[in-house]
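A.B. asks: Could you have a look at this structure, given as C-alpha cells, before my questions?
Each reported figure results from applying straightforward, stated rules to the coordinates on display, with no laboratory input. Computed from a prediction, not measured in an experiment: that's the story for all the values here. Don't worry about glycine lacking a Cβ; one is built from the backbone with ideal geometry, like all the others, and counts go over all protein chains shown.
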Amino acid sequence: MPEYLISFNDEWVAEHTPEQIDRKAVASRALIQEMREAGVLRFANGGLDRSTALCSVRAADGEPVFADAPAVERDEYLGGFTVIDVPDDETARHWAGRLAVVLDWPQEVHRFRGPGEGASRPSAQEGQR
C-alpha cells in the first residue's frame, strides 16, 4: 500500500492557550490511537517549531559537516506530521480530514513515491491511472 505524509507547518496554527492545546492533544491522541487500531499508522509526532531545530548537516569532501543553524533561513517550520499506510488517495484524505477537524488547523497530504521511484520515474500508483 502507498504511504502518505500528513503534515502542518507551525505558522499555520493560530496562538492557543495551554488549555486549548491540552484539549487538542487529548483529541488528537484519541484519533492517533484509532489510526493505530485501524492498522494505518506508521508514525506521528508534533510540537515542532523554530526552537526545536537541533542542527543541519551537509556533505563536504565525503564527510558530514554539522552547523547549529538551519540549512536554509526560512519563515515556515514543520509543526507536526503523521505517516500512514493506506490503500489509496481517498483513504489518505479521510484521515487527513479527521486530523484537520480534531486539531482545527490545515493539514497537507503528500504521497510518498515507492522505493526507487524518483521524480523522473512515475510512481506505481501513477502508472495504474
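A.B. asks: Please list, by residue number, every one of the GluC sites (Glu not before Pro) in region 24-92 that is coil in DSSP and has at most 16 other beta-carbon atoms within 10 Å.
C.D. replies: When the GluC sites (Glu not before Pro) of region 24-92 are filtered for loop state and at most 16 Cβ neighbours within 10 Å, Glu73, Glu76 remain.
A.B. asks: Also, I was wondering about something else. Cα atoms only, region 1-122: Rg and Dmax in Å?
C.D. replies: Rg then Dmax for region 1-122, in Å: 16.7, 49.
A.B. asks: Hey, another quick one. Please work out how much length the chain gains when fully extended from Arg36 to Arg74, using 0.36 nm per residue of separation minus the C-alpha to C-alpha distance, in nm with one decimal.
C.D. replies: Between Arg36 and Arg74, full extension yields an extra 10.3 nm.
A.B. asks: Fewest first, what order do Ser51, Ser28, Ser56, Ser7 take by the number of other Cβ atoms within 10 Å?
C.D. replies: Ser51, Ser56, Ser28, Ser7
A.B. asks: Per-residue ellipticity at 222 nm for the chain, helices alone: DSSP H runs ≥ 4 residues times -39500 (n - 2.57), over residue total, nearest 500 deg cm²/dmol?
C.D. replies: Mean residue ellipticity at 222 nm (helix-derived): -10000 deg cm²/dmol.
A.B. asks: Let's test the formula: R0 of 30 Å, r as the Cβ-Cβ distance of Glu11 and Glu63. What FRET efficiency results, to the nearest 0.05?
C.D. replies: E between Glu11 and Glu63, to the nearest 0.05, is 0.35.
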